[in-house]
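Report on one structure; see the data block that follows.
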Amino acid sequence: MGESGLEQLWAGWRRDYVVSATVAERDGSEPDCVFCAIAASGPPRVDNLVVWRSDLSFAVLNAYPYASGHLLVMPLRHLAQLDELSSEESADLWCGTRLAVSAITDAYDPDGINMGANLGRAAGAGIPGHLHLHVLPRWSGDTNFMTTVAGVRVMPESLAVGWERLHGAWPPP
Ligand SMILES: [Zn+2]
């Protein structure tokens, strides 16, 4: 499936994000950042794709995923660089990342997990202004990361199904 097919497939979720951004604009929060809009969308729900939220961080399913179960973990606060995190935010973000790895492991039983961040647009960040960590399951023999970035993606389940699996598998506090 090519990029245009994917864009059509997920157009409904993109529309939801646009609606969220409009709400955030009315609230006076940052209107241009989709992650701030999600951060302002309240507790975890299937319709905002947030699977976990603390006082400082949250985890959301990537609406444009490289794989099923592709999570983004990030601070609630809009910041771009690791050294802008307070020590509390840094610890909480790492805690959320560990929980995301546990949830993906329980929900998908993958052969491996990719975890990391693209800092800056030149490094591949789609939204460079709001720091986020990617955590996604991998299987032996699946398409490699660069190929999936190039647009050859296999999407065997819907985002709603992925949300149910990961929310259900999220470790209790
Ligand atoms: Zn933001």
Worksheet item: Largest first, what is the accessible-area ranking of I113, I104 with a 1.4 Å probe?
Response: I113, I104
Fill in: Ordering of 118-130, 159-171 by burial proxy (mean other Cβ atoms within 10 Å per residue, highest first)
159-171, 118-130
Item to complete: Place the peptides 79-88, 53-62 in order of packing, highest mean first, counting for every residue the other Cβ atoms within 10 Å and averaging per peptide.
Response: 53-62, 79-88
Practice prompt. Sort C33, C95 from largest to smallest accessible area, using a 1.4 Å probe on the heavy atoms of the protein chains.
Written response: C95, C33
Worksheet, complete the sentence: Measure of exposure for W139: accessible area at 1.4 Å probe, Å² rounded to 10, is 90
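The values are calculated or read from the model by the stated rules, or taken from the named source; none is laboratory data. Note that the structure is a prediction, hence the values are computed from the model and not measured. Note that we place each Cβ from the backbone using ideal geometry, even for glycine, and neighbour counts take in every protein chain shown. These accessible areas exclude ligands, DNA and RNA; they are computed on the full protein's heavy atoms, side chains included. Shrake-Rupley method; radii C 1.70, N 1.55, O 1.52, S 1.80 Å.
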